[in-house]
Amino acid sequence: MGGALEEKIYELSKEQKDSYYKNGYLVVPKVFSDEESDTILDRLYRYANKDFVAILNPDRPEYLIAQIAQDFSVDYLLGERVDRIEEAIETAKIMRGVMKDGNMVSILETLQGKEVVGLQSQILFKQAGSPYASQAWEPHQDNSYIKSNGHYITTNLFLQDADKENGTLYFYPGSHKEGLFPAEERKSYREPAGTNPGNITQMQLDKYEKVDENFKKGDLLVLHGDCVHGSYPNVSKTRSRPLFSCSYITKGEEFVPGATARRKVIPLH
C-alpha cells in the first residue's frame, strides 16, 4: 500500500486488457491484502456516524474534519478535539496513499495508455442493518457527474466479500462504447435513507445483457466512466459491503468539479 509509483508493479495480461476494452470494466483480484483492506476499513469506521452514511473525500483532512465536526460536542475537552483532528489528518494521509498506490496507478495508466491524475474519493459502507443497507444505486454512468470526453475512470476497492445478498454491483458490458447518455439527475450524496441514488441513464438497456459480479476482499474493480452499472440492496442481516472508491481522469482533460465533491487534480507521481 502506497508503494513507489515509479515502479510498474502490477502487469495486466492481454486477456485482462482486452476484457476491459470490450466490457468497460475489469475485476483485478487481490490488489490489496486482507490485512491492508482491514486497516483501511478500520480507519474509515472511525468516522462513520450512527447511520453509516457515505463519507466523501476521506483522503482530504478538511473533508474528514468537516464531516465529523458535529461530533465535537461541548463536552469535548480541547485536547480531545486536537487528538481527533490529528487522527483525521493521519487517516487522510493513509487514504491518499491508497489512491496513489503503485499497483492502482500502474493498472489505470496501462488501460488509459496515458498518465492519470486523481479527482476524488468516497467510502460507501452499506452497513448491514443500517438505514442505508437497503439502498440500491440506479443504472447510471459515473461520467454523468464529471462529463469528461471519455477519459474518466473509477476504482472500487472491496473491503469485504460482496455478492447479491449483501449488495454487489451489476453491469451492462459494452455500454461504454456508446458514450455519455442523457440522465435523470438524482441526489447521490447523503440522500435520504430509503431512496436510491444514481443519475438514471436514459438509454435502451435491454439491448445489453445485465451481468452480476461477485468480489472478494481486496479485489479492485476498474470501471470506465461510461459503463452503465448499478447495485443491489444489502438484505443480509450480518454482512456489510463496504467499498472505497477513487476517481481518476487522464491528465489534462477537463471535468466538472462539482459543488459538493469539489473535484480537483491530485498528482499521483
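Only the coordinates and a few stated rules stand behind these numbers; no lab work does. Values in this document were obtained by computation on a predicted structure and should not be read as measured data. In this analysis, Cβ positions are derived from the backbone assuming ideal geometry, glycine residues included, and neighbour counts consider all displayed protein chains.
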Return the calculated 222 nm mean residue ellipticity for the chain, to the nearest 500 deg cm²/dmol, obtained by summing -39500 (n - 2.57) across DSSP H runs with n ≥ 4 and dividing by the residue count.
-7500 deg cm²/dmol
With a 10 Å cut-off between alpha carbons and a GNM built on the chain, which of 56, 26, 12 moves the most?
12
What is the helix-to-structure angle for 14-23, meaning the angle in degrees between its Cα long axis and the longest Cα principal axis of the chain, kept from 0 to 90 and rounded to the nearest 10?
90 degrees
Cα axis of helix 34-45 to longest principal axis of the chain: angle in degrees, 0 to 90, nearest 10?
60 degrees
Ranked by GNM mean-square fluctuation in the chain (Cα springs under 10 Å), the top entry among 69, 162, 92 is 69
What FRET efficiency would be calculated for the residue pair residue 65, residue 259, taking the C-beta separation as r and a Förster radius of 25 Å, to the nearest 0.05?
0.85
The helix 78-99 Cα axis meets the longest alpha-carbon principal axis of the chain at an angle in degrees, between 0 and 90 and rounded to 10, of 20 degrees
In the stretch 7-102, the GluC sites (Glu not before Pro) that fall in loop regions by DSSP, at most 16 other Cβ within 10 Å:
7, 11
When the chain is modelled as a GNM with alpha-carbon springs shorter than 10 Å, which of 150, 113, 129 fluctuates the most?
113
